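Shown next, in structure tokens, is the structure this report addresses.
Computed from the coordinates by the stated procedures, all read-outs in this text should not be read as laboratory data. Note that this is a predicted model, so its numbers are computed, not measured. No Cβ is skipped: glycine too gets one built from the backbone with ideal geometry, and neighbour counts run over all protein chains shown.
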Amino acid sequence: MSDTPVRDLTALPKAHLHIHHEAAIRATTLAEMGAAEGVDVSVPEEFDDFSAFSQTYRGMLQVLSIKENLFRLIDESIEDCAREGIVYAEFGASPHFYVDTFGSTELALDAMIARAREAGERWGVEVGYMVTVDRTESVETATAYAKIAAAYAGRGVVSLGLANDERGHPAEQFHEAFAIAKEAGLLSTPHAGELAGPEQVEKAVDALQADRILHGVTAIESDALTARLAAEGICLDVCPTSNLLLGVIPEIDAHPLKQLLDAGVRCSINADDPVLFGPGLLSEYELCRSVLRLTDEEIAACALSSIECSGASDAVKQKAVAGIAAWLA
Ligand SMILES: [Zn+2]
């Protein structure tokens, strides 16, 4: 028996890098908004497939298209970050969802960035937006969003994402959009290797110049790719509970996070869509400790990767890196 006190995971400075902003809404707030607007926002008991998940998301967008509701989401989600020890959040956002609300994609982005900055200053949380392209939309649309994201580099947008079902919508067709983002200094942060195999992770690295891969867990099926991710320092933003509920892994014990870390791959821990899947980021960290058996050194390494591989400012990074070292000391 050891009497070493258990380190408090709340006190560990961390970044949340794979978090779809709408799904960071509190369950109670969402239920309240749904009731007020007469919109069904009920969360399915289980997600048989990706389409059940997408359907719920559409109901959420409907209530959040009301400006006050969107602002409440931003305020509360940033307050929740502070409570979980998140010093930087890179929210995946789709400002084009709110064109009718604000008048244009740019005006929506302006409003979101300003509101997030205000709430961030109040709670001591830095926010960077990841403009997220829906891969089921056209290549032309993706390129148009990339140009908007690029125009906001250095003033609120830090990365370009690519979400939705990989199957039938391969990464490589969006190479132009990501070239525009990289040219502007944004990070390339596509989803890959969730519902498709390691070949899509490789395409995200080669065709989209990925700095981080959201999910990327199927990379473990290829030793060569795993070694390459480790050598190139490409971070995987993994989400254990999401992977379980969407059937990416058969059971939680089968999650490859520890194997990936053992192979030297940088990984961050994330919640993906907490209002749909249940756990917030702190609970995911707890799960990594208690179920996936990560040591505190491994947990701290994940937190360090989340900070170092993020779009956070240098000042936030420096302070967090020191805080992580102090947590482990
Ligand atoms: Zn995601």
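Key figures for this structure:
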item	result
GNM result for the chain, Cα springs below 10 Å: residue of GLU90, GLU166, GLU232 fluctuating most strongly	GLU232
Karplus-derived HN-Hα couplings along the range 18-35 (A = 6.51, B = -1.76, C = 1.60, θ = phi - 60°), whole Hz, x at Gly and Pro	10, 8, 7, 4, 4, 7, 8, 5, 5, 4, 5, 5, 4, 4, 4, 5, x, 5
Equivalent ellipsoid semi-axes, the chain, via Cα gyration tensor eigenvalues times 5, rooted, Å	27, 23, 21
Expected 222 nm ellipticity per residue - DSSP helices of 4 or more, -39500 (n - 2.57), all of the chain, to 500	-15000 deg cm²/dmol
For the chain, Cys with no neighbouring Cys Cβ under 4.7 Å	CYS81, CYS239, CYS267, CYS288, CYS302
Per residue Cα convex hull volume in Å³ - calculated over the range 113-247	120
Residues SER104, SER94 arranged by fewest to most Cβ contacts within 10 Å	SER104, SER94
Amide H partners (placed H, <5 Å) of ALA192, local residues excluded	LEU214, GLY216
Amide H partners (placed H, <5 Å) of ALA210, local residues excluded	VAL205
Charge-dipole axis of the range 157-310 as Lys and Arg at +1 and Asp and Glu at -1 on Cβ define it, positive-most pick from GLY185, CYS235, SER290	GLY185
Mean separation of Cα contacts under 8 Å, 6 or more apart, over the residue count of the range 10-328: relative contact order %	19
Separation between Cα centres of the range 138-157 and the range 180-256, rounded to whole Å	22
Residue exposure sequence - SER42, SER77, SER283 - by fewest surrounding Cβ within 10 Å	SER42, SER283, SER77
Loop sites in the range 248-321: GluC sites (Glu not before Pro), DSSP, at most 11 other Cβ within 10 Å	GLU251
